[in-house]
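Asker: The following block contains the structure, expressed as structure tokens.
Throughout, read-outs are computed from the coordinates displayed, never taken from laboratory work. Computed from a predicted model, the values in this text were never measured in an experiment. Don't worry about glycine lacking a Cβ; one is built from the backbone with ideal geometry, like all the others, and counts go over all protein chains shown.
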Amino acid sequence: MNKICSALAIFALIALACCNNQSRDTLYPNEFPLKDVVLLEGPFRDARDLNIVTLLKYDVDRLLAPFLKEAGLPAKASSYPNWEGLDGHVGGHYLSAMAMNYAATGNAECKRRMDYMISELRACQDANGTNYPDWGEGYAGGMPNSKVIWSTLQKGDFKAYRSAWVPWYNVHKIYAGLRDAWSYAGSENARIIFLKFCDWGTGITSALTDVQMESMLNAEHGGINEIFADAYQMTGDEKYLTAAKRFSHRMLLDAMSAGIDNLDNKHANTQIPKAAGFQRIAELSHDKKYFEAARFFWETVTENRSLAFGGNSRREHFPDSASCIDFVNEIQGPESCNTYNMLRLTEHLFRTDPSARYADYYEGALYNHILSTRHPEHGGYVYFTPARPRHYRVYSAPNEAMWCCVGTGMENHGKYNQFIYTHINDSLYLNLFIASELDWKEKGVKIRQETKFPNEEQTSLMITKGSSRFSIMVRYPSWVMEGALKIMVNGKPISFVNQPSSYIALTRRWKKGDVVQVYLPMHTSIEQMPNVPDYIAFLHGPVLLGAKTGTEDLKGLIADDSRWGQFAAGEKLPVDEAPVIIGDDKSKAADALMPVKDKPLTFTAPALKLINPAEIVFEPFFSIHDTRYMIYWRIVTEEQLKSGAGLLN
């Protein structure tokens, strides 16, 4: 624990020393600016580039309309109708996405749209101060009925606040968009608006007691505590750290810091951003309670409450142990927003504790959930990913279906290069095996990672420019068997004693032309559904394998603009008629999968004994679209089969 506290103290000092600096790597000191990590040819670059095409189909004036309306300014277009009552939330995500994609690619249109949004938001902020001097000074939100909600909330009257749809959640998105426009893209105007907006937030709640704050925070409020922690890091002003703690929900903080899982039947994406805020507060204040809360939250969600693709929740809520069978029966599987926020929490935890277990989770969730939620042709986003056998997913269309997961989806595919490499002092962490090129300006070196992973079981790093002494920390993934990982430097094998889920330090003076080759043998394994051990998923290395099962009745495959269009409302095929595996030893089920020649990550399983037999071809789940599928399989023993016990749900 002393080691943890020391690490937190070091990061707090680094953060405060960097206050007011204008570069991304000072807000998150271990990350490289997105422009310094270039994606090379591969599925992640393809996804990023298609996402930009999709993003540029949206009408910026329609996204801005709620902000202008609430500020008393004439709108230039009509608001989007879907999810009316939460107007403005997607506009914040869109601003973040513009900043990320401009930072990552230099796309001029993304920058133009970002700058335009910032100028319009500044006009809104100014108008709010003029038109509503009693409550609106600094306000830059688009929350419907803002005048009534905030003017009464500041007096401790929560009637309008409670009758509205999650006001703090709504404004959190534009807070985050402004922060990101500064931290990713260096917009000083965004920084000015952001800090004025933070002053509004501290002021509007300044008269509320601790009891009133806790009552207010019973409504979903996004990661608003994280926002004020960021403002503290940007300025060094203690009032923002005080606000971050006041906006930390004690209901969750107290339980998690004591190692108590109180998440049963709670709305999942209400809780996850709170934990990301806990970690930011811990990182900047070295407060052990906040660190313990964030760490335990991550552990209990990833170890006890997550499916094989990294997602969690059904019907948007964490089930209790007895209700986990709902993952099989419900069509509302894990929500994409949840994984977006879990990855954010993971990044924050990794900064103060660069443990391979965080990168292991991150990798699996990135490939199996985030990458799978973007349609490979039209770029639509996914809300729910059902685990129900033989069901399907629904995709959004541009300018329609303005769900929360459309907002996070806009961001997800613009920052694939964010966690490939991180650094602490003279150590470079190789976290992800994604084709890319890093320009480590501080060391004066460029490093090119060439790989077709996961279609090949290796990656190579080449120093293409410069010379410097540092350590390359190569991740030994949890999915590579003990003793199977191989590393060569300039053709010579490297010996090490590390176990899976660790980092191997390669320390030397690196120079142009040096090559590191990492061999990553993959094998097929199973993972049981939480609290439902009779359902298993198959993974090859970190990649979840699924199987297409038909295209009948894909109702609403591309969602319309209806309120509930995110539901895959086609026929729910009977679960008991899906293929069921017969096997006395679950662990041996993976041995039945046989690779298909010349088709990477594709398998058949002719030796599997099945009830309701079907021709099954296993392939990466992230490549399965526009079809029904299976990712979880019921497995029963011969004895169960003979007795007829447990075959029906």
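Asker: Could I have the simple spin-label model distance between Ala108 and Thr130, label points 7 Å from Cα toward Cβ, reported in nm to one decimal?
Answerer: Label at Ala108, label at Thr130, 3.3 nm between them.
Asker: Continuing with the same structure: Treat every Asp and Glu Cβ in segment 422-519 as -1 and every Lys and Arg Cβ as +1, leave all other atoms uncharged, and give the resulting dipole magnitude about the Cα centre to the nearest 20 debye.
Answerer: Working: 14 positive and 9 negative charges, 96 e Å.
About 460 debye.
Asker: Could you let me know the centre-to-centre spacing of segment 398-477 and segment 539-556, using Cα atoms, in angstrom?
Answerer: Taking the Cα centre of each part, segment 398-477 and segment 539-556 sit 28 Å apart.
Asker: Okay, next question. Taking a cut-off of 16 Å, what percent of all Cα-Cα pairs in segment 569-624 are separated by more than that? The partial results should precede the final answer.
Answerer: Values: 847 of 1540 pairs.
For segment 569-624, the share of Cα pairs beyond 16 Å comes to 55 percent.
Asker: While we're on this one: Place +1 on the Cβ of every Lys and Arg and -1 on the Cβ of every Asp and Glu in the chain, take the dipole about the Cα centre, and give the residue among Val148, Cys404, Tyr361 whose Cα lies farthest towards its positive end.
Answerer: Checking the options against the dipole of the chain, the answer is Tyr361.
Asker: How much length would be gained if the chain were fully extended between Ser163 and Val148, taking 0.36 nm per residue of separation minus their Cα-Cα distance, in nm to one decimal? Please report the intermediate quantities before stating the final value.
Answerer: Working: separation 15, 0.36 × 15 = 5.40 nm, distance 1.10 nm.
Full extension of this stretch gives 4.3 nm more.
Asker: Per-residue HN-Hα couplings for segment 584-597, Karplus 6.51 cos²θ - 1.76 cosθ + 1.60 at θ = phi - 60°, whole Hz, x for Gly and Pro?
Answerer: Rounded to whole hertz, the list is 7, 10, 3, 4, 8, 4, 5, 5, 7, 7, 10, x, 8, 4.
Asker: Segment 226-276 to segment 481-504: how many Å between their Cα centroids?
Answerer: Computed from Cα coordinates, the inter-centre distance equals 39 Å.
Asker: Determine the sum of side-chain charges near Arg357: Lys and Arg each +1, Asp and Glu each -1, restricted to other residues whose C-beta is under 12 angstrom from that of Arg357. Mind dumping the intermediate values first?
Answerer: Working: positive: Arg295, Arg475; negative: Glu299, Glu303, Asp353, Asp360, Glu363.
Here the charged neighbours net out to -3.
Asker: When the label point is put 7 Å from the Cα of Asp320 along its Cα-to-beta-carbon vector, which residues of segment 258-296 have a backbone N closer than 15 Å?
Answerer: 261-267
Asker: Just how many % of Cα pairs in segment 251-347 lie over 17 Å apart, if you round to the nearest whole percent? Could you put the intermediate results ahead of the total?
Answerer: On the way: 2129 of 4656 pairs.
The proportion of pairs with Cα distances above 17 Å equals 46 percent.
Asker: For a 23 Å ceiling on Cα separation, which of these pairs sit above it: Lys57/Lys599; Lys111/Lys465; Lys441/Lys492; Lys57/Lys572; Lys492/Lys599; Lys548/Lys572? Kindly include the intermediate steps, with their values, before the conclusion.
Answerer: Working: Lys57/Lys599 35 Å; Lys111/Lys465 29 Å; Lys441/Lys492 28 Å; Lys57/Lys572 33 Å; Lys492/Lys599 31 Å; Lys548/Lys572 16 Å.
The answer is Lys57/Lys599; Lys111/Lys465; Lys441/Lys492; Lys57/Lys572; Lys492/Lys599.
Asker: Follow-up. Excluding same-chain pairs closer than 8 in sequence, count the lysine pairs in segment 153-312 whose Cα atoms lie under 21 Å apart.
Answerer: Final tally of qualifying lysine pairs is 17.
Asker: Continuing with the same structure: May I ask for the Rg/Rh ratio of segment 524-643, computed from Cα atoms with Rh as the Kirkwood radius, given to two decimals? Could you put the intermediate results ahead of the total?
Answerer: Working: Rg = 15.7 Å, Rh = 15.6 Å.
So for segment 524-643, dividing Rg by the Kirkwood Rh gives 1.00.
Asker: Let me ask another. When the dipole is taken about the Cα centre of segment 466-615, and only Lys, Arg (+1) and Asp, Glu (-1) are charged at their Cβ, what size is it in debye, to the nearest 20? Numbers along the way, then the final one.
Answerer: Working: 17 positive and 16 negative charges, 304 e Å.
It works out to roughly 1460 debye.
Asker: Follow-up question, since we're still on this one. In the neighborhood of Val636, defined by Cβ-to-Cβ distances under 11 Å, what is the net charge if each Lys or Arg adds +1 and each Asp or Glu adds -1? It would help to have the intermediate numbers written out before the result.
Answerer: Details: positive: Lys586, Lys609, Arg634, Lys642; negative: Asp534, Asp584, Glu638, Glu639.
Spelling it out: positives minus negatives among the neighbours equals 0.
Asker: Taking +1 at the Cβ of each Lys and Arg and -1 at the Cβ of each Asp and Glu, which of Asn170, Thr242, Ala181 sits farthest along the dipole of segment 154-258 towards its positive end, judged by Cα position relative to the Cα centre?
Answerer: Sorting the options by dipole projection puts first Asn170.
Asker: Please give the charge dipole size of the chain, origin at the Cα centre, charges +1 on K and R Cβ atoms and -1 on D and E Cβ atoms. Round to the nearest 20 debye. Please list the in-between numbers first.
Answerer: On the way: 68 positive and 75 negative charges, 291 e Å.
With only Lys, Arg, Asp and Glu charged at Cβ, the dipole is about 1400 debye.
Asker: Compute the distance from the alpha-carbon center of segment 279-351 to that of segment 39-84, in whole Å.
Answerer: 28 Å
Asker: Here is a follow-up. Pop out the Kirkwood hydrodynamic radius of segment 422-519 from its pairwise C-alpha distances, inverse of mean 1/r, in Å to one decimal.
Answerer: Details: mean 1/r = 0.0735 Å⁻¹.
Evaluated over segment 422-519, this radius sits at 13.6 Å.
Asker: List the equivalent ellipsoid semi-axes of segment 31-207 in whole Å, largest first, each obtained as the square root of 5λ for an eigenvalue λ of the Cα gyration tensor. Intermediate values should be presented prior to the final figure.
Answerer: Numbers: eigenvalues 186, 55, 41 Å².
In descending order the semi-axes read 31, 17, 14 Å.
Asker: Percent relative contact order of the chain, based on C-alpha pairs within less than 8 angstrom and at least six residues apart? Walk me through the numbers on the way to the answer.
Answerer: Details: 1400 pairs, mean separation 88.1, N = 649.
Value for the chain: 14 percent.
Asker: Return the Rg/Rh ratio of segment 117-217 with Cα-based radii and a Kirkwood Rh. Could you put the intermediate results ahead of the total?
Answerer: Working: Rg = 13.5 Å, Rh = 13.9 Å.
Using Cα coordinates only, the ratio equals 0.97.
Asker: Under a 5 Å amide H to amide H cut-off, with H placed in plane at 1.01 Å, what residues pair with His317 once short-range neighbours are removed?
Answerer: Ala268
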